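The values are calculated or read from the model by the stated rules, or taken from the named source; none is laboratory data. Predicted model only: the values in this text are computed from it and were never measured. Note that each Cβ is placed from the backbone with ideal geometry, even for glycine, and that neighbours are counted across all protein chains shown. Quick note on the areas: whole protein, heavy atoms, side chains included, nothing else; ligands and nucleic acids left out. Shrake-Rupley method; radii C 1.70, N 1.55, O 1.52, S 1.80 Å.
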Amino acid sequence: MTASIAIFGSAFNPPSLGHKSVIERLAHFDTVILLPSYSHAWGKQMLDYDSRCKLVEAFIEDVSQDNLELSQLEKEIAVGDEAITTFAVLEAFEEKYPEANLTFVVGPDNFLNFGKFFKAEEIMQRWQVLACPETVKVRSTQIREQIINSRTISHLTTKKVATMLNEKKWYTK
């Protein structure tokens, strides 16, 4: 039987309950790979990569969904500070899992802009693309704003992620 793998790429800057609501809807996949952006294609400013990976690890522990896995593939294939394209990521995953059925998961914001992705048409021809909007409308931006304004974030992310963010003082001025 061919393994079904969902690849959910995001900045995870930081992981939110919105991310969680998408992930919960991917429970039918054998594996759901959470792939933090190493260098954002559109120049988005993010917390450093290793810190975001630690947040994703804590997030995975909190979500307790057996099919979740953190991948640092973008870091592995990165060349300097160049942006890593979805096309390059999917080619690398195809090489790593040649027998798997790969599905790239995008949120509604990226789906609306999918035509701007490098080799968007070829991506659609070679792999499955699944638009999966969040059912809980919480964005990472809200978490960062709450932290900057010294407000609680416990209702916006998971317990371990909130604890890490509060202890590390990430995103504060």
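Table for the structure above
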{"item": "Residue tally, condition more than 14 Å from LEU26 (Cα to Cα), open to solvent by 50 Å² or more (accessible area, probe 1.4 Å) and among the β-branched types (Val, Ile, Thr), over region 108-143", "result": "2"}
{"item": "When residues of region 50-76 are limited to those that are exposed (fewer than 14 other Cβ atoms within 10 Å of the Cβ) and free of Cβ contacts under 8 Å to residues at least 24 places away in the same chain, the one nearest to the chain's Cα centre (by Cα)", "result": "ASP50"}
{"item": "Conditions (1) among the acidic types (Asp, Glu); (2) closer than 29 Å to GLU145 by Cβ; (3) part of a loop (DSSP other than H, G, I, E, B); number of the one not met by GLU99", "result": "(2)"}
{"item": "Unmet criterion (only one of (1) open to solvent by 30 Å² or more (accessible area, probe 1.4 Å); (2) closer than 12 Å to ILE7 by Cβ) for VAL105", "result": "(1)"}
{"item": "Evaluation of GLU61 against (1) of a type outside the set (A, V, I, L, M, F, W, C); (2) assigned to a helix (DSSP H, G or I); (3) closer than 16 Å to VAL22 by Cβ (one fails), failing number", "result": "(3)"}
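To keep it simple, each residue is scored yes or no on (1) among the basic types (Lys, Arg); (2) under 18 Å from PRO15 (Cα atoms); (3) modelled with pLDDT of 90 or more; (4) not in a helix (DSSP H, G or I).
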site: PHE93; (1), (2), (3), (4): no, no, yes, no
site: LEU130; (1), (2), (3), (4): no, no, yes, yes
site: GLN142; (1), (2), (3), (4): no, yes, yes, no
site: GLU145; (1), (2), (3), (4): no, yes, yes, no
site: HIS155; (1), (2), (3), (4): no, yes, yes, yes
site: ASN166; (1), (2), (3), (4): no, yes, yes, no
